[in-house]
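To start, the structure under review is shown below, and the notes come after it.
The values are calculated or read from the model by the stated rules, or taken from the named source; none is laboratory data. Not measured: the values here are computed from a predicted model. A quick note on method: Cβ atoms are made from the backbone with ideal geometry, for glycine too, and the neighbour counts reach across all protein chains shown. Side chains are part of the model used for accessible areas, which takes the heavy atoms of the whole protein and leaves out ligands, DNA and RNA. Shrake-Rupley method; radii C 1.70, N 1.55, O 1.52, S 1.80 Å.
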Amino acid sequence: MYCKIAIDGPAGSGKTTVAKELARRLNIDYLDTGAMYRIVGLYLKESGIGPDADEEEIQKKLENLFIEYKDGNYLVNGKIVGDEIRTAEAGVYASQYGANPAVRNFLTNLQKEICKNRSIVAEGRDIGTVVMPDAQVKIFLVASPEVRAKRRYEELKAKGKEISFDILLNQIIERDKNDTSREIAPLVKAPDAVEIDTSNMTIEEVIEEILRIVKNKC
Ligand code: C5P
């Protein structure tokens, strides 16, 4: 039987670090769905289409966007995607365009297809509720906005990118608002998900807690 693990939560809750390491330790695949929203957000922005554009217009534009997932890398129309999707602006575009039904429909179908017939750790905002409602393990990670902004600040600083803490905090609050208030697939804890507050936990503690749950369910 396949072991499917859904990890959801807001920006900076520790999802990516935890999900990647879990997949590595369990020797199963890993899917970062936020990266796909970033790819689509950037693509549509560059195409000059607004996030509130007509669904049909967006759908038509997305017909020319071919996203593949190979060996942990995303390819867009055959080209490997790099760090250009990791900027704060790309995160904001992802959140804005991710509220459009045509974008959600396009990516949800792709993600369901990728998650089919394999053991996987998938992370995002709607994995436990929409993409893998059948996952044996559902985790909802949370942390205070200040703790999350501080993590993003340190992460960007380590990459040589200095950006003000207050700007990051505002972006996080704004993104939370967008992600929890949108009509389709809002960021919400699945009824059968286990909530873990990571504010005062180390990554290792979070991983160990999830591994205990995985042992019981997979
Ligand atoms: O996880 P990450 O911060 O890279 O995600 C960027 C944005 O993409 C999120 O703020 C959210 O608006 C959107 N997203 C989403 N559904 C997902 C994953 C990400 O709406 N499953």
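If you go through segment 91-108 and keep only what is within 8 Å of the ligand (Cβ to nearest atom) and open to solvent by less than 40 Å² (accessible area, probe 1.4 Å), you end up with G91, A94, S95, G98, R104, L107. Consider segment 13-52 and keep the residues that are of a type in the set (S, T, Y) and in contact (Cβ under 8 Å) with a residue 24 or more places away in the chain. The one that is nearest to V214 (Cα to Cα) is Y30. The set of residues from segment 115-140 being more than 11 Å from the ligand (Cβ to nearest atom) and crowded, with 19+ Cβ neighbours inside 10 Å comprises C115, I120, V121, A135, V137, K138, I139, F140.
Every residue in segment 151-184 that is crowded, with 17+ Cβ neighbours inside 10 Å and of a type outside the set (F, W, Y), please. Scanning segment 151-184 gives R151, R152, L168, L169, Q171, I172, R175, D176, N178, D179, R182. Name the single residue that is farthest from the chain's Cα centre (by Cα) among those in segment 123-154 being in a strand (DSSP E or B) and not basic (K, R). Taking the candidates together, the pick is V137.
Residue-wise test of (1) at pLDDT 95 or above; (2) more than 15 Å from the chain's Cα centre (by Cα); (3) open to solvent by less than 40 Å² (accessible area, probe 1.4 Å); (4) over 15 Å from Q96 (Cα atoms).
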| residue | (1), (2), (3), (4) |
| --- | --- |
| I7 | yes, no, yes, yes |
| V18 | yes, no, yes, yes |
| R25 | yes, yes, no, yes |
| M36 | yes, no, yes, no |
| G41 | yes, no, yes, no |
| L44 | yes, yes, yes, no |
| G48 | yes, yes, no, no |
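Taken over segment 189-208, residues that are open to solvent by 70 Å² or more (accessible area, probe 1.4 Å) and hydrophobic (A, V, I, L, M, F, W, C) amount to 1. Here Y2 meets each of (1) more than 10 Å from the ligand (Cβ to nearest atom); (2) part of a loop (DSSP other than H, G, I, E, B); (3) open to solvent by less than 50 Å² (accessible area, probe 1.4 Å) with one exception, condition (3).
Looking at segment 59-86, which of its residues are part of a helix (DSSP H, G or I), open to solvent by less than 80 Å² (accessible area, probe 1.4 Å) and in contact (Cβ under 8 Å) with a residue 40 or more places away in the chain?
Within segment 59-86, L62, I85 qualify.
Contact map, segment 138-162: first residue under 17 Å from K177 (Cα atoms), second residue surrounded by 15 or more Cβ atoms within 10 Å (Cβ to Cβ) and modelled with pLDDT under 90, Cβ cut-off under 6 Å, separation 6 or more or different chains; pairs are R148/G12.
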